[in-house]
Amino acid sequence: MLEVSKSGFGDYQCNNAMSLFPRIRESATNLGNPNAVGQRIHDMLIHGIESWAPILPAKRVVLDFSSPNIAKEMHVGHTRSTIIGDTLARIFEFANIEVLRRNHVGGWGTQFGMLIQFLFEKFPNGEEAANQAIGDLQGFYRNAKKEFDENPDFKGRAQQAVVCLQRGEDRYLAAWKSICQISRNEFDLVYKRLNVKLEEKGESFYSPYIPRVLEELTSKGLITECKGARVIDGRKPPLIVVKRDGGFNYASTDLSALWYRLNVEMAEWIIYVTDVGQQQHFHSFFSAARMAGWLPDQKEEKYPRASHVGFGFVLGTDGLRFRTRSSDGAVRLVDLLDEAKSQSLAQLIKRLTENGQIANWTDEQLDKTSEAIGYGAVKYADLKNNRLTDYKFSYEQMLSDKGNTAVYLQYAHARICSIIQKSNKDVEELKMTESITLGHPDERSLGLHLIQFAEVVEQACDDLLPHRLCDYLYTLSDRFSQFYTNCQVVGSPEETSRLLLCQATAIVMRQFFHLLGITPVHKL
(Lines give C-alpha, C1' and ligand atoms only; values in the text may rest on other atoms or scores of the structure.)
Protein backbone atom coordinates (compact mmCIF):
# COMPACT_ATOMS: atom_id res chain seq x y z
CA MET A 1 0.00 0.00 0.00
CA LEU A 2 1.29 3.43 -0.98
CA GLU A 3 -0.03 6.95 -0.68
CA VAL A 4 -1.60 8.01 -3.96
CA SER A 5 0.66 9.69 -6.47
CA LYS A 6 -2.15 12.06 -7.47
CA SER A 7 -4.59 13.47 -4.96
CA GLY A 8 -8.24 13.34 -5.97
CA PHE A 9 -8.13 9.68 -6.95
CA GLY A 10 -8.24 8.33 -3.42
CA ASP A 11 -5.98 8.17 -0.38
CA TYR A 12 -3.98 4.99 -0.99
CA GLN A 13 -3.07 2.95 -4.01
CA CYS A 14 -2.23 -0.73 -4.35
CA ASN A 15 -0.53 -1.60 -7.61
CA ASN A 16 -1.52 -5.28 -7.45
CA ALA A 17 -5.02 -4.79 -6.04
CA MET A 18 -6.82 -6.83 -8.71
CA SER A 19 -4.86 -10.00 -7.94
CA LEU A 20 -5.14 -9.54 -4.17
CA PHE A 21 -8.83 -8.68 -3.88
CA PRO A 22 -10.22 -12.24 -4.21
CA ARG A 23 -8.09 -13.29 -1.22
CA ILE A 24 -9.12 -10.43 1.10
CA ARG A 25 -12.72 -9.96 -0.06
CA GLU A 26 -14.15 -11.07 3.28
CA SER A 27 -11.63 -9.33 5.56
CA ALA A 28 -11.31 -5.88 4.01
CA THR A 29 -11.50 -2.96 6.45
CA ASN A 30 -14.27 -0.48 5.69
CA LEU A 31 -12.71 2.95 5.67
CA GLY A 32 -14.39 3.98 2.46
CA ASN A 33 -16.25 6.96 3.92
CA PRO A 34 -15.52 9.82 6.34
CA ASN A 35 -17.83 8.37 9.00
CA ALA A 36 -15.71 5.20 9.21
CA VAL A 37 -12.57 7.32 9.66
CA GLY A 38 -14.28 9.40 12.32
CA GLN A 39 -15.42 6.26 14.15
CA ARG A 40 -11.89 4.89 14.21
CA ILE A 41 -10.62 8.14 15.75
CA HIS A 42 -13.47 8.11 18.25
CA ASP A 43 -12.62 4.52 19.22
CA MET A 44 -9.08 5.68 19.99
CA LEU A 45 -10.45 8.40 22.28
CA ILE A 46 -12.46 5.77 24.13
CA HIS A 47 -9.84 3.03 24.36
CA GLY A 48 -6.67 5.14 24.48
CA ILE A 49 -3.77 5.73 22.11
CA GLU A 50 -2.38 2.32 23.10
CA SER A 51 -5.12 0.75 20.99
CA TRP A 52 -3.28 2.13 17.95
CA ALA A 53 0.03 0.49 18.86
CA PRO A 54 1.35 -1.67 16.00
CA ILE A 55 1.64 -5.42 16.46
CA LEU A 56 5.15 -6.66 15.66
CA PRO A 57 6.57 -10.20 15.53
CA ALA A 58 9.55 -9.60 17.88
CA LYS A 59 8.98 -9.95 21.61
CA ARG A 60 12.38 -8.97 23.05
CA VAL A 61 14.89 -6.49 21.65
CA VAL A 62 18.33 -5.46 22.92
CA LEU A 63 19.16 -1.84 22.13
CA ASP A 64 22.83 -1.01 22.54
CA PHE A 65 23.22 2.78 22.52
CA SER A 66 24.96 5.80 24.01
CA SER A 67 28.04 3.77 25.08
CA PRO A 68 30.44 6.57 26.08
CA ASN A 69 34.03 5.81 27.01
CA ILE A 70 34.96 5.58 30.67
CA ALA A 71 37.31 8.40 31.78
CA LYS A 72 36.09 10.66 28.99
CA GLU A 73 33.24 13.11 29.42
CA MET A 74 30.30 12.81 27.09
CA HIS A 75 30.35 15.38 24.30
CA VAL A 76 28.14 16.43 21.41
CA GLY A 77 29.24 13.39 19.42
CA HIS A 78 27.34 11.19 21.89
CA THR A 79 24.06 13.03 21.44
CA ARG A 80 23.09 11.13 18.32
CA SER A 81 23.59 7.65 19.74
CA THR A 82 21.84 8.56 23.01
CA ILE A 83 18.91 10.42 21.44
CA ILE A 84 18.36 8.05 18.50
CA GLY A 85 18.71 4.98 20.70
CA ASP A 86 16.28 6.29 23.29
CA THR A 87 13.68 7.07 20.62
CA LEU A 88 13.98 3.61 19.07
CA ALA A 89 13.59 2.09 22.53
CA ARG A 90 10.46 4.15 23.17
CA ILE A 91 8.97 3.10 19.83
CA PHE A 92 9.50 -0.60 20.52
CA GLU A 93 8.21 -0.25 24.08
CA PHE A 94 5.05 1.42 22.76
CA ALA A 95 4.61 -1.60 20.46
CA ASN A 96 4.59 -3.79 23.61
CA ILE A 97 8.04 -5.24 22.95
CA GLU A 98 10.35 -5.88 25.89
CA VAL A 99 13.36 -3.63 25.37
CA LEU A 100 16.66 -4.25 27.14
CA ARG A 101 18.35 -0.82 27.08
CA ARG A 102 22.07 -1.51 27.21
CA ASN A 103 24.84 0.99 27.83
CA HIS A 104 27.92 -0.79 26.46
CA VAL A 105 30.40 1.61 28.03
CA GLY A 106 33.97 1.39 26.82
CA GLY A 107 36.48 0.78 29.56
CA TRP A 108 38.29 -2.50 29.15
CA GLY A 109 40.80 -1.88 26.37
CA THR A 110 44.06 -0.11 25.62
CA GLN A 111 42.97 3.30 26.89
CA PHE A 112 42.18 1.83 30.28
CA GLY A 113 45.55 0.17 30.53
CA MET A 114 47.02 3.57 29.74
CA LEU A 115 45.06 5.25 32.55
CA ILE A 116 45.76 2.60 35.19
CA GLN A 117 49.46 2.41 34.40
CA PHE A 118 49.73 6.21 34.50
CA LEU A 119 47.96 6.22 37.86
CA PHE A 120 50.31 3.59 39.30
CA GLU A 121 53.45 5.32 38.09
CA LYS A 122 52.55 8.88 39.09
CA PHE A 123 51.01 7.98 42.46
CA PRO A 124 52.67 4.73 43.59
CA ASN A 125 51.96 5.25 47.29
CA GLY A 126 49.48 8.11 47.61
CA GLU A 127 45.90 6.86 47.37
CA GLU A 128 44.41 10.22 48.38
CA ALA A 129 46.49 12.11 45.81
CA ALA A 130 45.52 9.54 43.18
CA ASN A 131 41.81 10.01 43.92
CA GLN A 132 42.18 13.77 43.58
CA ALA A 133 44.00 13.35 40.28
CA ILE A 134 41.37 11.14 38.69
CA GLY A 135 38.65 13.46 40.03
CA ASP A 136 39.58 15.69 37.09
CA LEU A 137 39.14 12.95 34.51
CA GLN A 138 39.61 15.16 31.48
CA GLY A 139 42.95 16.50 32.69
CA PHE A 140 44.03 13.08 33.89
CA TYR A 141 43.17 11.50 30.53
CA ARG A 142 45.04 14.19 28.55
CA ASN A 143 48.19 13.74 30.64
CA ALA A 144 48.07 9.96 30.35
CA LYS A 145 47.47 10.15 26.60
CA LYS A 146 50.43 12.50 26.16
CA GLU A 147 52.69 10.05 28.00
CA PHE A 148 51.28 7.15 25.94
CA ASP A 149 51.91 8.91 22.63
CA GLU A 150 55.39 10.22 23.46
CA ASN A 151 56.93 7.41 25.53
CA PRO A 152 57.22 4.00 23.78
CA ASP A 153 58.30 2.27 27.00
CA PHE A 154 55.23 3.56 28.84
CA LYS A 155 53.06 2.48 25.92
CA GLY A 156 54.35 -1.06 26.26
CA ARG A 157 53.71 -1.12 30.01
CA ALA A 158 50.20 0.26 29.43
CA GLN A 159 49.42 -2.49 26.92
CA GLN A 160 50.55 -5.08 29.43
CA ALA A 161 48.33 -3.44 32.06
CA VAL A 162 45.34 -4.21 29.85
CA VAL A 163 46.22 -7.88 29.99
CA CYS A 164 46.51 -7.72 33.80
CA LEU A 165 43.13 -6.02 34.02
CA GLN A 166 41.48 -8.56 31.76
CA ARG A 167 42.94 -11.36 33.91
CA GLY A 168 41.18 -9.84 36.90
CA GLU A 169 44.20 -8.94 39.05
CA ASP A 170 42.96 -7.22 42.22
CA ARG A 171 45.13 -4.11 42.08
CA TYR A 172 44.12 -3.33 38.52
CA LEU A 173 40.44 -4.03 39.17
CA ALA A 174 40.40 -1.66 42.17
CA ALA A 175 41.87 1.19 40.11
CA TRP A 176 39.45 0.43 37.29
CA LYS A 177 36.42 0.57 39.61
CA SER A 178 37.45 3.98 41.02
CA ILE A 179 37.76 5.52 37.57
CA CYS A 180 34.50 3.93 36.38
CA GLN A 181 32.46 5.38 39.25
CA ILE A 182 33.69 8.92 38.63
CA SER A 183 32.71 8.56 34.97
CA ARG A 184 29.26 7.21 35.85
CA ASN A 185 28.56 10.26 37.99
CA GLU A 186 29.30 12.49 34.99
CA PHE A 187 27.24 10.38 32.60
CA ASP A 188 24.24 10.48 34.94
CA LEU A 189 24.17 14.30 34.75
CA VAL A 190 23.55 14.01 31.02
CA TYR A 191 21.06 11.14 31.21
CA LYS A 192 19.03 13.02 33.83
CA ARG A 193 18.75 16.06 31.56
CA LEU A 194 17.77 13.94 28.57
CA ASN A 195 15.44 11.73 30.66
CA VAL A 196 17.13 8.63 29.27
CA LYS A 197 17.05 5.29 31.09
CA LEU A 198 19.87 2.81 30.53
CA GLU A 199 21.29 -0.28 32.19
CA GLU A 200 25.06 -0.45 32.12
CA LYS A 201 26.53 -3.66 30.80
CA GLY A 202 29.87 -2.58 29.41
CA GLU A 203 32.83 -4.37 27.95
CA SER A 204 33.94 -5.68 31.34
CA PHE A 205 30.61 -7.45 31.95
CA TYR A 206 31.20 -9.80 29.01
CA SER A 207 34.87 -10.52 29.79
CA PRO A 208 34.13 -13.81 31.68
CA TYR A 209 32.33 -15.15 28.60
CA ILE A 210 35.17 -14.51 26.14
CA PRO A 211 37.10 -17.81 26.74
CA ARG A 212 34.04 -20.03 26.22
CA VAL A 213 32.99 -18.06 23.12
CA LEU A 214 36.47 -18.33 21.61
CA GLU A 215 36.51 -22.04 22.46
CA GLU A 216 33.22 -22.54 20.62
CA LEU A 217 34.46 -20.64 17.58
CA THR A 218 37.70 -22.63 17.63
CA SER A 219 35.82 -25.94 17.81
CA LYS A 220 33.90 -24.89 14.73
CA GLY A 221 37.17 -24.30 12.89
CA LEU A 222 36.67 -20.58 12.56
CA ILE A 223 39.72 -19.32 14.51
CA THR A 224 43.24 -19.67 13.12
CA GLU A 225 46.71 -18.35 13.98
CA CYS A 226 48.01 -15.41 11.94
CA LYS A 227 51.29 -13.61 12.68
CA GLY A 228 51.06 -14.37 16.38
CA ALA A 229 47.43 -13.30 16.70
CA ARG A 230 44.26 -15.39 16.58
CA VAL A 231 41.82 -14.42 13.85
CA ILE A 232 38.58 -15.41 12.17
CA ASP A 233 39.33 -15.76 8.50
CA GLY A 234 36.89 -15.88 5.61
CA ARG A 235 36.90 -12.19 4.79
CA LYS A 236 39.54 -9.53 4.22
CA PRO A 237 40.97 -8.25 6.41
CA PRO A 238 40.56 -11.16 8.87
CA LEU A 239 38.83 -10.38 12.17
CA ILE A 240 41.35 -10.36 15.04
CA VAL A 241 39.90 -11.83 18.25
CA VAL A 242 43.11 -12.25 20.32
CA LYS A 243 46.01 -9.85 19.92
CA ARG A 244 49.64 -10.95 19.74
CA ASP A 245 50.17 -9.96 23.39
CA GLY A 246 47.31 -12.23 24.45
CA GLY A 247 44.89 -9.38 25.11
CA PHE A 248 41.32 -9.23 23.86
CA ASN A 249 39.86 -6.48 21.70
CA TYR A 250 36.56 -5.02 20.50
CA ALA A 251 35.83 -8.04 18.29
CA SER A 252 36.28 -10.61 21.07
CA THR A 253 34.17 -8.52 23.45
CA ASP A 254 31.45 -7.81 20.89
CA LEU A 255 31.19 -11.46 19.85
CA SER A 256 30.87 -12.47 23.51
CA ALA A 257 28.22 -9.78 24.07
CA LEU A 258 26.28 -11.02 21.05
CA TRP A 259 26.51 -14.61 22.26
CA TYR A 260 25.24 -13.54 25.71
CA ARG A 261 22.37 -11.54 24.26
CA LEU A 262 21.26 -14.43 22.06
CA ASN A 263 21.72 -17.30 24.53
CA VAL A 264 21.22 -15.77 27.98
CA GLU A 265 18.99 -12.76 27.41
CA MET A 266 17.21 -14.60 24.56
CA ALA A 267 16.86 -11.47 22.44
CA GLU A 268 15.34 -11.83 18.99
CA TRP A 269 16.73 -8.57 17.65
CA ILE A 270 19.98 -6.90 18.73
CA ILE A 271 20.38 -3.31 17.56
CA TYR A 272 23.59 -1.27 17.83
CA VAL A 273 23.43 2.52 17.54
CA THR A 274 26.82 4.01 16.64
CA ASP A 275 28.29 6.39 14.06
CA VAL A 276 28.67 5.21 10.46
CA GLY A 277 32.44 5.04 10.91
CA GLN A 278 32.01 1.73 12.74
CA GLN A 279 29.99 0.13 9.95
CA GLN A 280 32.87 -2.06 8.75
CA HIS A 281 33.48 -3.42 12.25
CA PHE A 282 29.86 -4.45 12.67
CA HIS A 283 29.74 -5.95 9.20
CA SER A 284 32.79 -8.06 10.06
CA PHE A 285 31.59 -9.43 13.36
CA PHE A 286 28.02 -9.97 12.11
CA SER A 287 29.58 -12.06 9.31
CA ALA A 288 31.55 -14.05 11.89
CA ALA A 289 28.34 -14.68 13.85
CA ARG A 290 26.65 -15.99 10.69
CA MET A 291 29.61 -18.27 10.00
CA ALA A 292 29.18 -19.62 13.55
CA GLY A 293 25.49 -20.27 12.93
CA TRP A 294 24.34 -17.74 15.52
CA LEU A 295 22.50 -15.57 12.98
CA PRO A 296 20.60 -16.57 9.83
CA ASP A 297 21.72 -15.51 6.38
CA GLN A 298 21.08 -11.84 5.61
CA LYS A 299 18.68 -12.76 2.80
CA GLU A 300 16.46 -14.69 5.20
CA GLU A 301 13.91 -12.42 6.83
CA LYS A 302 13.69 -14.22 10.13
CA TYR A 303 14.86 -13.93 13.73
CA PRO A 304 17.22 -13.67 15.46
CA ARG A 305 18.72 -10.70 13.70
CA ALA A 306 21.37 -8.08 14.39
CA SER A 307 21.34 -4.56 12.96
CA HIS A 308 23.73 -1.64 12.96
CA VAL A 309 21.97 1.73 13.16
CA GLY A 310 24.58 4.11 11.79
CA PHE A 311 24.40 7.89 11.94
CA GLY A 312 26.33 10.84 10.55
CA PHE A 313 28.32 13.52 12.32
CA VAL A 314 27.20 16.67 14.12
CA LEU A 315 28.58 19.70 12.28
CA GLY A 316 29.00 23.32 13.22
CA THR A 317 27.48 26.13 11.16
CA ASP A 318 30.79 26.23 9.23
CA GLY A 319 30.17 22.67 8.00
CA LEU A 320 33.06 21.21 10.02
CA ARG A 321 32.90 18.73 12.92
CA PHE A 322 31.29 20.54 15.85
CA ARG A 323 34.00 21.43 18.38
CA THR A 324 34.90 24.11 20.88
CA ARG A 325 37.25 26.95 20.02
CA SER A 326 39.92 25.52 22.32
CA SER A 327 42.21 22.68 21.40
CA ASP A 328 40.94 20.50 24.21
CA GLY A 329 38.34 18.76 22.07
CA ALA A 330 34.60 18.63 21.67
CA VAL A 331 31.84 20.52 23.46
CA ARG A 332 30.69 18.93 26.73
CA LEU A 333 27.17 17.65 26.36
CA VAL A 334 26.10 19.02 29.75
CA ASP A 335 27.16 22.52 28.69
CA LEU A 336 25.44 22.19 25.34
CA LEU A 337 22.12 21.19 26.93
CA ASP A 338 22.31 23.89 29.59
CA GLU A 339 22.94 26.53 26.92
CA ALA A 340 19.84 25.39 24.99
CA LYS A 341 17.77 25.73 28.15
CA SER A 342 19.29 29.14 28.94
CA GLN A 343 18.55 30.53 25.47
CA SER A 344 15.05 29.05 25.58
CA LEU A 345 14.38 30.75 28.92
CA ALA A 346 15.59 34.12 27.62
CA GLN A 347 13.31 33.86 24.56
CA LEU A 348 10.33 32.81 26.67
CA ILE A 349 10.74 35.68 29.14
CA LYS A 350 11.13 38.16 26.27
CA ARG A 351 7.97 36.93 24.55
CA LEU A 352 5.87 36.87 27.73
CA THR A 353 7.07 40.33 28.71
CA GLU A 354 6.17 41.76 25.31
CA ASN A 355 2.72 40.13 25.50
CA GLY A 356 2.12 41.35 29.05
CA GLN A 357 1.76 37.78 30.36
CA ILE A 358 4.94 37.45 32.42
CA ALA A 359 3.08 38.18 35.69
CA ASN A 360 0.98 35.02 35.15
CA TRP A 361 4.03 32.75 35.25
CA THR A 362 5.88 31.49 38.30
CA ASP A 363 9.64 30.94 38.34
CA GLU A 364 9.04 27.19 38.52
CA GLN A 365 6.80 27.29 35.43
CA LEU A 366 9.39 29.30 33.53
CA ASP A 367 12.14 26.86 34.52
CA LYS A 368 10.21 23.70 33.59
CA THR A 369 8.90 25.15 30.34
CA SER A 370 12.30 26.40 29.19
CA GLU A 371 13.79 23.02 30.09
CA ALA A 372 11.15 21.15 28.05
CA ILE A 373 11.60 23.49 25.09
CA GLY A 374 15.40 23.68 25.22
CA TYR A 375 16.14 19.99 25.68
CA GLY A 376 13.34 19.06 23.29
CA ALA A 377 14.76 21.40 20.65
CA VAL A 378 18.15 19.66 20.79
CA LYS A 379 16.53 16.23 20.44
CA TYR A 380 14.21 17.21 17.62
CA ALA A 381 16.95 18.99 15.65
CA ASP A 382 18.79 15.68 15.61
CA LEU A 383 15.85 13.32 15.06
CA LYS A 384 14.17 15.22 12.22
CA ASN A 385 17.12 14.42 9.95
CA ASN A 386 17.70 11.09 8.29
CA ARG A 387 20.13 9.57 10.78
CA LEU A 388 22.54 8.55 8.00
CA THR A 389 23.27 12.16 7.12
CA ASP A 390 25.37 14.76 8.93
CA TYR A 391 23.49 17.68 10.41
CA LYS A 392 24.45 21.22 11.41
CA PHE A 393 24.04 22.18 15.05
CA SER A 394 22.59 25.67 15.38
CA TYR A 395 20.83 27.10 18.44
CA GLU A 396 19.27 29.78 16.25
CA GLN A 397 17.64 27.22 13.97
CA MET A 398 16.59 24.66 16.57
CA LEU A 399 15.07 27.30 18.90
CA SER A 400 13.16 29.04 16.13
CA ASP A 401 9.36 29.04 16.44
CA LYS A 402 8.99 28.82 12.66
CA GLY A 403 9.39 25.82 10.39
CA ASN A 404 10.04 22.21 11.28
CA THR A 405 11.29 22.68 14.85
CA ALA A 406 10.29 21.37 18.25
CA VAL A 407 9.48 24.92 19.36
CA TYR A 408 6.98 25.37 16.53
CA LEU A 409 5.36 22.04 17.38
CA GLN A 410 5.19 22.91 21.08
CA TYR A 411 3.35 26.13 20.21
CA ALA A 412 0.98 24.17 17.97
CA HIS A 413 0.22 21.74 20.78
CA ALA A 414 -0.27 24.54 23.31
CA ARG A 415 -2.69 26.24 20.92
CA ILE A 416 -4.83 23.09 20.68
CA CYS A 417 -4.90 22.86 24.49
CA SER A 418 -5.98 26.51 24.63
CA ILE A 419 -8.82 25.93 22.13
CA ILE A 420 -10.20 23.07 24.21
CA GLN A 421 -9.83 25.02 27.45
CA LYS A 422 -11.61 28.12 26.08
CA SER A 423 -14.59 26.02 25.00
CA ASN A 424 -15.42 25.33 28.68
CA LYS A 425 -16.46 21.83 27.62
CA ASP A 426 -15.35 18.58 29.19
CA VAL A 427 -14.06 16.52 26.28
CA GLU A 428 -13.80 13.44 28.52
CA GLU A 429 -17.57 13.56 28.94
CA LEU A 430 -18.23 14.48 25.31
CA LYS A 431 -16.37 11.47 23.95
CA MET A 432 -18.71 9.15 25.88
CA THR A 433 -21.88 10.52 24.29
CA GLU A 434 -20.92 12.30 21.04
CA SER A 435 -19.34 11.25 17.73
CA ILE A 436 -16.90 12.65 15.18
CA THR A 437 -18.19 13.69 11.76
CA LEU A 438 -15.73 14.68 9.04
CA GLY A 439 -17.86 16.76 6.69
CA HIS A 440 -15.40 19.46 5.65
CA PRO A 441 -12.47 18.55 3.36
CA ASP A 442 -9.96 19.86 5.92
CA GLU A 443 -11.61 17.77 8.66
CA ARG A 444 -11.27 14.75 6.43
CA SER A 445 -7.63 15.54 5.60
CA LEU A 446 -6.78 15.85 9.30
CA GLY A 447 -8.69 12.69 10.17
CA LEU A 448 -6.99 10.61 7.50
CA HIS A 449 -3.60 11.74 8.70
CA LEU A 450 -4.46 10.85 12.29
CA ILE A 451 -5.31 7.25 11.44
CA GLN A 452 -1.95 6.82 9.69
CA PHE A 453 -0.41 6.89 13.18
CA ALA A 454 0.10 3.12 13.53
CA GLU A 455 1.58 2.59 10.09
CA VAL A 456 4.14 5.37 10.63
CA VAL A 457 5.22 3.90 13.97
CA GLU A 458 5.42 0.43 12.44
CA GLN A 459 7.51 1.69 9.53
CA ALA A 460 9.94 3.39 11.94
CA CYS A 461 10.23 0.09 13.84
CA ASP A 462 10.97 -1.75 10.61
CA ASP A 463 13.57 0.52 9.02
CA LEU A 464 14.86 2.11 12.27
CA LEU A 465 14.52 5.65 10.92
CA PRO A 466 13.14 7.96 13.66
CA HIS A 467 12.85 10.95 11.34
CA ARG A 468 9.64 9.39 10.01
CA LEU A 469 7.99 10.33 13.32
CA CYS A 470 9.11 13.94 12.92
CA ASP A 471 7.85 14.09 9.34
CA TYR A 472 4.46 12.81 10.48
CA LEU A 473 4.29 15.21 13.43
CA TYR A 474 5.16 18.28 11.36
CA THR A 475 2.61 17.33 8.70
CA LEU A 476 0.01 16.74 11.43
CA SER A 477 0.61 20.24 12.77
CA ASP A 478 0.25 21.66 9.26
CA ARG A 479 -3.00 19.73 8.66
CA PHE A 480 -4.39 20.95 11.97
CA SER A 481 -3.46 24.56 11.18
CA GLN A 482 -5.29 24.31 7.87
CA PHE A 483 -8.31 22.75 9.58
CA TYR A 484 -8.43 25.44 12.29
CA THR A 485 -8.09 28.23 9.72
CA ASN A 486 -11.03 27.01 7.64
CA CYS A 487 -13.22 25.31 10.25
CA GLN A 488 -14.57 27.30 13.20
CA VAL A 489 -14.49 25.17 16.34
CA VAL A 490 -15.92 27.01 19.36
CA GLY A 491 -19.41 28.34 18.72
CA SER A 492 -19.99 26.44 15.47
CA PRO A 493 -22.81 23.90 14.88
CA GLU A 494 -20.07 21.26 14.62
CA GLU A 495 -18.38 22.36 17.87
CA THR A 496 -18.66 19.02 19.69
CA SER A 497 -17.29 16.93 16.82
CA ARG A 498 -14.49 19.40 16.17
CA LEU A 499 -13.50 19.58 19.84
CA LEU A 500 -13.15 15.80 19.82
CA LEU A 501 -11.02 16.08 16.67
CA CYS A 502 -8.87 18.68 18.47
CA GLN A 503 -8.51 16.33 21.43
CA ALA A 504 -7.51 13.43 19.19
CA THR A 505 -4.87 15.60 17.51
CA ALA A 506 -3.47 16.68 20.89
CA ILE A 507 -3.33 13.06 22.11
CA VAL A 508 -1.47 11.92 18.99
CA MET A 509 0.93 14.86 19.24
CA ARG A 510 1.66 14.07 22.88
CA GLN A 511 2.29 10.42 22.04
CA PHE A 512 4.76 11.39 19.35
CA PHE A 513 6.44 13.82 21.73
CA HIS A 514 6.80 10.92 24.16
CA LEU A 515 8.28 8.65 21.49
CA LEU A 516 10.78 11.38 20.65
CA GLY A 517 11.65 11.85 24.32
CA ILE A 518 10.23 15.38 24.40
CA THR A 519 8.15 16.76 27.27
CA PRO A 520 5.00 18.44 25.86
CA VAL A 521 4.12 21.99 26.91
CA HIS A 522 0.46 22.80 27.55
CA LYS A 523 0.77 26.56 27.97
CA LEU A 524 2.93 29.08 26.09
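The values are calculated or read from the model by the stated rules, or taken from the named source; none is laboratory data. Keep in mind that this is a model prediction, so the values were computed, not measured. Cβ sites come from the backbone with ideal geometry, for glycine too, and all protein chains shown count toward neighbours. Surface accessibility is based on the protein's heavy atoms, side chains included, excluding ligands, DNA and RNA. Shrake-Rupley method; radii C 1.70, N 1.55, O 1.52, S 1.80 Å.
At what distance in nm do the modelled label points of Arg142 and Gln278 sit from each other, each positioned 7 Å from its Cα along Cα→Cβ?
2.6 nm
What number, rounded to the nearest 500 deg cm²/dmol, is the helix-based mean residue ellipticity at 222 nm of the chain, given -39500 (n - 2.57) per DSSP H run of at least four residues and division by all its residues?
Numbers: 20 runs with 285 residues, N = 524.
It comes out at -17500 deg cm²/dmol, rounded to the nearest 500.
Starting from the amide H of Val105, placed 1.01 Å from N in the peptide plane, find each other amide H under 5 Å away whose residue is 5 or more places distant or on another chain.
Amide H to amide H, under 5 Å and 5 or more residues apart or across chains, Val105 pairs with Lys201, Gly202, Glu203.
Calculate the spin-label point distance for Gln160 paired with Asp463, positioning each point 7 Å from the Cα along the beta-carbon direction, and give it in nanometres.
In this crude spin-label approximation the distance works out to 5.4 nm.
Past 19 Å, Cα to Cα: identify those pairs from Lys350/Lys392; Lys72/Lys379; Lys145/Lys227; Lys402/Lys425; Lys192/Lys368, in the order given.
Lys350/Lys392; Lys72/Lys379; Lys145/Lys227; Lys402/Lys425
Evaluated at 4 °C with a viscosity of 1.567 mPa s, what Stokes-Einstein diffusion coefficient in µm²/s does the stretch 429-524 have when Rh comes from the Kirkwood expression over alpha-carbon pairs?
Estimated via Stokes-Einstein, D reaches 91 µm²/s.
Normalised by the empirical 2.2 N^0.38 Å for globular proteins, what value does the Cα Rg of the chain take?
Ratio of Cα Rg to 2.2 N^0.38 Å: 1.13.
Taking θ as phi - 60°, what are the ³J(HN,Hα) couplings along the stretch 482-496 by the Karplus curve (6.51, -1.76, 1.60), each to the nearest whole Hz, with x for Gly and Pro?
The phi angles translate into 5, 4, 5, 5, 9, 10, 4, 9, 5, x, 8, x, 9, 3, 4 Hz.
Defining a contact as two alpha carbons under 8 Å apart and six or more residues distant in sequence, what relative contact order in percent does the chain show?
It comes to 18 percent, rounded to a whole number.
State in Å² the accessible area per residue of the stretch 40-121; use a 1.4 Å probe, count heavy atoms of protein chains only, and round to the nearest integer. Intermediate values should be presented prior to the final figure.
On the way: 2310 Å² over 82 residues.
In whole numbers, the stretch 40-121 has 28 Å² accessible per residue.
Considering only the chain, what is the antiparallel percent among its DSSP beta bridges, to the nearest 5?
Given both bridge residues lie in the chain, the antiparallel proportion sits at roughly 35 percent.
Along the stretch 342-356, what does the Karplus equation 6.51 cos²θ - 1.76 cosθ + 1.60 (θ = phi - 60°) give for ³J(HN,Hα), rounded to whole Hz, x for Gly and Pro?
Each residue of the stretch 342-356 in turn: 4, 5, 5, 5, 4, 5, 5, 4, 4, 5, 5, 5, 5, 8, x Hz.
Just the accessible area for Arg101, please: 1.4 Å probe, Å², rounded to the nearest 10?
Taking all protein chains as shown, Arg101 has close to 30 Å².
Taking amide H positions as placed 1.01 Å from N in the peptide plane, with prolines and chain starts having none, which residues 5 or more places from Arg305, or on another chain, fall under 5 Å of its amide H?
Hits under the 5 Å cutoff: Trp269, Ile270.
Calculate, for Ser418 and Glu455, the FRET efficiency according to 1/(1 + (r/R0)^6) with r their C-beta to C-beta distance and R0 25 Å; round to the nearest 0.05.
Efficiency, rounded to the nearest 0.05: 0.25.
Largest first, how would Leu88, Leu173 line up by accessible area (1.4 Å probe)?
Numbers: Leu88 0, Leu173 40 Å².
I get Leu173, Leu88, largest accessible area first.
Which shape class, rounded, prolate or oblate, goes with the stretch 361-501 when its Cα gyration tensor gives a ≥ b ≥ c as root eigenvalues, a/c under 1.5 marks rounded, and past that a/b bigger than b/c marks prolate?
It is oblate, given that a/c is not under 1.5 and a/b is not larger than b/c.
Lys384 accessible area, nearest 10 Å², 1.4 Å probe?
70 Å²
FRET efficiency for Asp297 and Thr353, Cβ-Cβ distance as r, R0 = 60 Å, nearest 0.05?
The formula returns an efficiency of 0.40 here.
By accessible area of protein heavy atoms, probe 1.4 Å, what ranking do Glu268, Glu200 get, highest first? Numbers along the way, then the final one.
Values: Glu268 50, Glu200 70 Å².
Highest to lowest solvent-accessible surface, that is Glu200, Glu268.
When the Karplus curve 6.51 cos²θ - 1.76 cosθ + 1.60 is applied with θ = phi - 60°, which whole-Hz ³J(HN,Hα) does each residue of the stretch 334-341 get, with x for Gly and Pro?
Result, ordered by residue: 4, 5, 4, 5, 5, 5, 4, 5 Hz.
Any idea of Trp294's accessible area? Nearest 10 Å², probe 1.4 Å.
Trp294 has an accessible surface of roughly 30 Å² with all protein chains in place.
In whole Å, how far is the Cα centre of the stretch 49-67 from that of the stretch 171-240?
Taking the Cα centre of each part, the stretch 49-67 and the stretch 171-240 sit 25 Å apart.
Can you give me the % of accessible surface on the chain that is carbon or sulfur? Probe 1.4 Å, all protein chains present, nothing else counted.
48 percent
Students sometimes get this wrong: rank Arg40, Arg167 by accessible area, probe 1.4 Å, all chains present, largest first.
Arg167, Arg40
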